[in-house]
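Read through the structure below, which is laid out as structure tokens, and then see the notes.
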Amino acid sequence: MSDFHQHGPVTALPRLRENAGAHLEREVVRLTRKSPASLVIPMVPSEMDRPALATILDELSGVPYLHSLVLSLNRATAADYARTLRYFERYPGRAVVVWNESPAVERLMAELAAAGLYTGVPGKGRACWLAIGYLLAEEKVDYMAFVDADVVNFQKEMLARLLLPALDPVTDFDFVKAYYARFSDRLHGRVTRLFLSPLLAAFTRLIGSDPYIRYLSSFRYPLSGEFAVRRDLATRMRLPSDWGLEIVSLFEALRHRAPVRICQVEIADRYEHKHQDLSPDDPSRGLNRMARDVGTHLLRTLAASGVVLSEGLRLSLLAAYQREAEDAVGDSYAVASVNGLICDRHQEELNVQIFTEALRRAIEEFHRDPAGPPLVPPWARVWAGTRDAGPRLIAAVAGDRALAEEAPTSDELALPGQGGGPATALPPTSGAPHPGSRAQRRSPRPA
């Protein structure tokens, strides 16, 4: 049982009761009649080869309140797309697959780029961004939840806990972040435990009490991939394409909302999903890359919040981080020991060494380019530059599915515009309403 002590400006909603799933589901069913909600799962094709996604699909098949399930498929071929359609055929509700690399979607991305709108590179960030754009353009849901595709012990109660704080008109939070403990026979969550938390503590030691650092420090698991967001906030959020998605989404939420409209909710006592390799010898992969990206985005969002990151501060940061990280190793060992878990203290210290070098690279990257590459623009900005982008995206997703359903069943799905066939033009959308308008919401229809 978790405690209900509040620490910092972001409200924490702990999980105090077991077996409350039926009550939570009834509440969410009642509230979604007025305020529909969809679930987005960003995924890559290899997730279909692992048992976690099958468990998630089994659980979601018993969820009665979702308007739609949106699978944002990235780094995928035409055959992967066809397989994904088949994989989710047994889902009883409305399932939509947004194939990020389809010829039609890539043509739209090229046109946005030609209009001066940066659309990022393939990855989880762009997958979430495209799903947001699709749901905003449809104008059918008021809330969107995001869950990773690799959660081994997913239960439908987790989704209800994530959505309820946003749906409840009394609590009325606009952004909800999930938190949980990550452990099996040992503690996990290394980038949070041994990198981000000590880094935030190091900043507090060096610059004192800063509102943005205090805000980030109040999250119990700031790098969780699960969150829920209100429609009008999602319209305004910029996103990165790399591992910085979790940090930047917290910054964007704070940029557009006061902390009292942001909360965190404990969705499970324990959360188990795929563990990334540390990749100590390759800084472009695994947790090594993740720590660098998180560090770089933290530095850039700190600067954007008004903190002056002088050369002296940056030089002191490495030493201050190492001190805090060494203390974090001791804390983790104590937590593991009192709970009868395995803790290889030597390996934990080696992790800190790798993360220290990742921080050094992050500092050097920030020094070279403080602003960094542009973030993927908010959809409100996209519509200002290309007014028919929303209807075009809807047409692309529908067209991909229609072509797949017309194609003969085979191991390879041949789509026009790929493998030598002529590209098919998207249908005209000149009469479609602007996705940011207050047009009458249409009744959901099966995909």
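Structural remarks
- Helices (runs of 4 or more DSSP H) completely within segment 306-404 that count 1 or more residues being within 26 Å of the chain's Cα centre (by Cα) and under 30 Å from Val97 (Cα atoms): 379-385
- Qualifying residue in segment 169-189 (condition: closer than 25 Å to Leu315 by Cα and free of Cβ contacts under 8 Å to residues at least 12 places away in the same chain): no
- Residue among Leu71, Leu31 that is assigned to a helix (DSSP H, G or I) and either out of contact with any Phe, Trp or Tyr (no Cβ under 6 Å at 6 or more places or on another chain) or surrounded by 21 or more Cβ atoms within 10 Å (Cβ to Cβ) (or both): Leu31
- Across segment 198-211, the qualifying residues are those that are surrounded by fewer than 19 Cβ atoms within 10 Å (Cβ to Cβ), on the phi < 0 side of the Ramachandran plot and not hydrophobic (A, V, I, L, M, F, W, C), and the one among them that is modelled with the lowest pLDDT is Ser209.
- Hey, Ala20 of a type in the set (A, V, I, L, M), at negative phi, at pLDDT below 95 and surrounded by fewer than 16 Cβ atoms within 10 Å (Cβ to Cβ) or not: yes
- Within segment 127-152, the set of residues being farther than 12 Å from Ser38 by Cα and either part of a helix (DSSP H, G or I) or more than 18 Å from the chain's Cα centre (by Cα) (or both) comprises Ala127, Cys128, Trp129, Leu130, Gly133, Ala137.
- One residue from Pro240, Pro283 being modelled with pLDDT under 95 and within 23 Å of Pro378 (Cβ to Cβ): Pro240
- Residues being within 20 Å of Glu138 (Cα to Cα) and either of a type in the set (A, V, I, L, M, F, W, C) or under 21 Å from the mean Cα position of the chain (by Cα) (or both) - total across segment 45-84: 8
- Filtering segment 307-326 for residues that are buried (at least 16 other Cβ atoms within 10 Å of the Cβ), closer than 27 Å to Leu13 by Cβ and either out of contact with any helix residue (DSSP H, G or I) (no Cβ under 6 Å at 6 or more places or on another chain) or modelled with pLDDT of 95 or more (or both) leaves an empty set.
- Glu252 being in contact with a helix residue (DSSP H, G or I) (Cβ under 9 Å, 6 or more places away or on another chain), modelled with pLDDT under 95 and among the acidic types (Asp, Glu): no
- Helices (runs of 4 or more DSSP H) wholly inside segment 156-237 that include at least 2 residues being over 18 Å from the mean Cα position of the chain (by Cα): 156-167, 197-207, 211-217
The values are calculated or read from the model by the stated rules, or taken from the named source; none is laboratory data. In this text the structure is predicted, and so the values were computed from the model without any measurement. When we count neighbours, we look across all protein chains shown, and the Cβ atoms used for this are built from the backbone with ideal geometry, even at glycine.
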